[in-house]
Amino acid sequence: PAMASKVVAYILWLFGGWWGVHHVYLKRDKQAFLWWSTLGILGIGWFRDLWRIPDYVEQANLDWGTKKRNEKKKWESGEYMEHLKTSWNHQPQPYLFRSWGICRVLGQLLFGLIYHRVISQALTVVCTDEEHGLPAYGLSIPYAAWHCNLFGLAGLVAAIWMVGTTTVFMAPDFKKIVQGCLVGFVCTNNFHAGLLLGTLAGNWKRHWVQNPPEMPSFFRRMSRLSLAGAAYLVAWCLIIFFLEFDVTDATTGQGKTVRIRDALIHIYKSRFWEQAWGSFRESFEKGGWNGVLNALDVTGEREARRVLDVARDATMKEIKSAYRKLARQWHPDTNKDPGAKEKMEEINAAYRLLTDAYKNAENGEEPSGKPADENDGGNRGDARAKARSRARARARN
């Protein structure tokens, strides 16, 4: 079989890791779905994969051996069984709180909270919305909230099980997960108790996977991921379409209920969005991504020029003159205004930033805040020559 490569895995991790692309490549489909549905837990899990990928590649490249003809559930030989025997001799029964297991248990709790919330919230808004939900069509569901939380337990069970089976060597007890979630929820009517009890019950004594299942075909893997992803997206679409939240009306100052979908439409049509999108598009058309970065003022030079009130093409002499003028005006020894000290610190920071930028220009680098030259060759050389001549002139003075 084709061997997984660390180089390819790291490339996919870098460019598509937030969506679990590298896990699909390494045939870790459950972990790929977990990463896709939460954007790599907002980057935390994605960052952790940085040092976990070598282990994942090693597991993906294990020779699992062949099955005997008459014993379909027994593995005859292979690196998988050798690895399993070594792990078994080291610790016959993997308990919950091993040093490496804490992250997995916390992941089960976190994903359980997310999946339960998404599923139960999506079903709740559909079952209770009297304008567009099931009640609008004459379909009344008794104890809707309780049933929605009960269905949300499926999200708890799925999250605990998927996170627990991301490794090919060990797995939690699925039956105990279901039993723990049901007992915790039914006895307390609180899904947090079900989540905690289900996690503890399923992971208290994790078992070694002695009979790993055969890897399905790529088509079946993609079909499963597509169906699970479609169901998850449907749940989010229902939340966006039905769910409401409270805001304060800017005109009357009173509370008001707004649907998420209406809020998104209003934001898209707002003047703020039009100006922001127009500014982005104009900056990108002029200078590409460099133009966007300059518009965002990532170096802070534009803000520094605003503080000192100097033009974009101001010389160092003009910057010094503006700095001295503002320093005389805002120095705390002469200005007793309560905000004079903070203003002077802002002026000093702006002056230092522009001074450093011009020092870089003297060394052959242009200040990033200045407009880029169209003729990249000759004009850049002229700028460097002008910077060197200014430096010599200051040295003579």
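The values are calculated or read from the model by the stated rules, or taken from the named source; none is laboratory data. Small disclaimer: the values here were computed from a predicted structure and weren't measured. Here the Cβ is made from the backbone with ideal geometry for all residues, glycine too, and neighbour counts use every protein chain on show. Please note that ligands, DNA and RNA were not included when accessible areas were found on the heavy atoms of the full protein model with its side chains. Shrake-Rupley method; radii C 1.70, N 1.55, O 1.52, S 1.80 Å.
Rounded to the nearest 0.05, what FRET efficiency is calculated for R312 and K6 with R0 set to 45 Å and r the Cβ-Cβ distance?
Working: r = 47 Å, r/R0 = 1.04.
It comes to 0.45.
Cross-link pairs exceeding 21 Å in C-alpha to C-alpha distance, out of K30/K175; K317/K341; K27/K175; K317/K359; K320/K359, comprise K317/K341; K27/K175. Amide H contacts of M170 (H built 1.01 Å from N, in plane; Pro and chain starts excluded): V209 sit under 5 Å, all sequence-distant by 5 or more or on other chains.
If you count only protein heavy atoms with a 1.4 Å probe, what accessible area per residue comes out for the range 300-366, rounded to a whole Å²? Per residue, the range 300-366 has an accessible area of 65 Å². Between the range 255-287 and the range 331-346, how far is it from one alpha carbon centroid to the other, in angstrom? So the two Cα centres are separated by 38 Å. Among the protein heavy atoms of the range 1-67, carbon and sulfur supply 70% of the accessible surface, probe 1.4 Å, non-protein parts ignored. Considering only alpha-carbon pairs that sit under 8 angstrom and 6 or more positions apart, the relative contact order computed for the range 300-366 is 39 percent. Please work out, to two decimal places, the log10 of the ratio I(q)/I(0) at q = 0.28 Å⁻¹ from a Debye calculation in which every Cα of the range 1-67 carries one identical scatterer. With one equal scatterer per Cα and no solvent, log10 I(q)/I(0) is -1.24.
Take each peptide in 263-276, 149-162, 291-304, count the other Cβ atoms within 10 Å of every residue, and average; sorted highest first, the result is 149-162, 291-304, 263-276. Debye sum, Cα scatterers, the range 300-366, no solvent: what log₁₀ I/I(0) at q = 0.19 1/Å? Computed log10 I(q)/I(0) values: -0.70. In order along the range 42-54, the phi-based Karplus estimate (6.51 cos²θ - 1.76 cosθ + 1.60, θ = phi - 60°) of 3J(HN,Hα) comes to 6, x, 5, x, 4, 5, 5, 5, 4, 9, 9, 4, x Hz; Gly and Pro are listed as x.
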